Each structure stands twice: as structure tokens, then as C-alpha cells.
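One structure below.
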Amino acid sequence: MRFIVKQATKQRHFGDPGNRRVIRSRMVMLGLGFAWLCGLPFAANAQTTRPARFIGDRPLYQPLHARMPPGQAAYMKNFGERPQCPYYQAFQVKLPSEGQVTVYHSGVQTIPLNGTTQAGLLVGHVYRLQIKDMPELAGMELYPTIEVLDRLHPPPGRETAYPVPVEFSLDELEAAAAGGLVTKVVYLEQPDLASPKAQTDRIPTATLHSRANVLAEADRVGRPLAIVRLGSRLPVNPAADSDFYGTGAPAIPMRGAKNPQ
């Protein structure tokens, strides 16, 4: 199951202008926190239940925050864990209707996400996307980022059947176009905290207070997988501003497979 939590604040600068916090979740395979693995049937038995994040009745301190500079949370999280082999986590981007989505990697190389094409992104890195040609926002280009915190554990050979979905609503796109920042934390939901209601096509969304630590909330109810930041920042000089396009890690195109029901 996947969940989404949102929070809106006045414009600030944390890599992108503006400030909105979002956490989403999904339900089926793994229960994500942008909450997104909604509807992934094999997820529950492939994941381990995490211990409660409390000492008595007090929540544990969460040093990481979605307002950190892009890449810092992923670096600190993976630095504190035992080494793992590099893994390309499949991501699928969904828009309200039509539009073109491109993923930047290895500097300014690109992967167009058309049709069933997914992007395999390395855990621990930040990637920049380009969204354009949307009928709802004619002539507008947006450049969100995906900070990959963790991965899913699908059955061998079924990696593309259970991608992490990154879903942008029209309200979110319009908020970013107006100069705001929408921040989403995608997490895998704990089975014992999953909603008993059936998952719909849209990822359930909840809004948090602007001062709340949405990453800590996602960690409380599941396992954070990614931080998605959608703002209005545009590239000025691609040759001189290479950091704008992420950490420079490679990505791979992946052909989407049907999710078994």
C-alpha cells in the first residue's frame, strides 16, 4: 500500500523555491510512503516488519528531514547501513493526462519515459526530471527531482512489474508553476498499519503541517523509499550548472511489465 502526506508553506529555498511537503502511500505490494506501493500483491511477504519508533510513549528522534539539501538524506541513510550492491530501482512517472517526461542521468544524458518505459535509478542518488507539453500548462516546463532512499524487493525477474510510481496531480503541478515547492516522501507501508480499504487508481494523499517532518512521519508508518521535490527552478546554463541535473549517477531504461493481480 502507498500513502501520501502533504504540507504547504510559504516560499523558501531548499534546492527549489517554495515549500510544500507531501507524503504518499500505496497499498498492495509493499505499502509505500509517498506512499506508493499500493496494490503490489507480493509485497507483504517480501518485506520485514519494522519495530515501533517509540521509547515508551515518546517517538524516537529522526535526524533526517525532507528539507535537507537534495542528496543529503540519501547519503546519510545509506552511509549508516551495511554496504549493499548497487541496485537500479524501477520508477514510473504518471501525469494528470498527457505530457512528455525525461530523466537526466550521467550528467546531461537523457531517457525519455514514453509508453511503458520505466527508469531504473540507483539507490542513494538524486535524479532530475523534465516535464513538458502538458495540455493543462501549455508552454510550461517543470524540473522535479527524485532522491532515491531505498529499494523494493520484488520476486526475481519481476522488478519492472512493481515500479515505484511517482504521481503528479494537476494541483501539484499548478502549485509548482506558481512558484511553490511540493515535497513528497514515498514509503513502503507496514502491513500492520495498512489501510483496510481497497486501493484506487489514485494514490491516497494526506496533508501535514508545514512545520512537520514528513520524512519522520513516513518512517513512523513504513519504510521511506524516495523524496520527490517539484518546484519551479529552471536550468540557466546546463554546461556550467551540472549539479542541477542530480548527482551524475547512471540510469537505465526498463521495459514495464504487467503487474499480476
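The values are calculated or read from the model by the stated rules, or taken from the named source; none is laboratory data. Note that the structure is a prediction, hence the values are computed from the model and not measured. Methodologically, a virtual Cβ is constructed for each residue, glycine included, from the backbone with ideal geometry; neighbour enumeration extends over all protein chains shown.
Tabulated data for the structure shown
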{"item": "Test: residue 138 is more than 25 Å from residue 120 (Cα to Cα) and out of contact with any Asp or Glu (no Cβ under 9 Å at 6 or more places or on another chain)", "result": "yes"}
{"item": "Scope region 191-221; condition modelled with pLDDT of 80 or more and in a helix (DSSP H, G or I); matching residues", "result": "191, 192, 214, 215, 216, 217, 218, 219, 220, 221"}
{"item": "Tally, over region 178-207, of residues that are among the acidic types (Asp, Glu), under 19 Å from the mean Cα position of the chain (by Cα) and surrounded by fewer than 17 Cβ atoms within 10 Å (Cβ to Cβ)", "result": "1"}
{"item": "Region 129-177, subset in a strand (DSSP E or B) and among the polar types (S, T, N, Q), residue farthest from the chain's Cα centre (by Cα)", "result": "130"}
{"item": "Some residue of region 94-101 being in contact (Cβ under 8 Å) with a residue 40 or more places away in the chain, among the aliphatic types (A, V, I, L, M) and either part of a strand (DSSP E or B) or within 22 Å of residue 222 (Cβ to Cβ) (or both)", "result": "no"}
{"item": "Conditions (1) over 24 Å from residue 68 (Cβ atoms); (2) out of contact with any Ser or Thr (no Cβ under 6 Å at 6 or more places or on another chain); (3) surrounded by 18 or more Cβ atoms within 10 Å (Cβ to Cβ); number of the one not met by residue 254", "result": "(2)"}
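Yes/no per residue for (1) aliphatic (A, V, I, L, M); (2) touching a strand residue (DSSP E or B) at 6+ places or on another chain (Cβ under 7 Å); (3) on the phi > 0 side of the Ramachandran plot:
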residue	(1), (2), (3)
170	yes, no, no
186	yes, yes, no
189	no, yes, no
192	no, no, no
196	no, no, no
199	no, yes, no
207	no, yes, no
227	yes, yes, no
233	no, yes, no
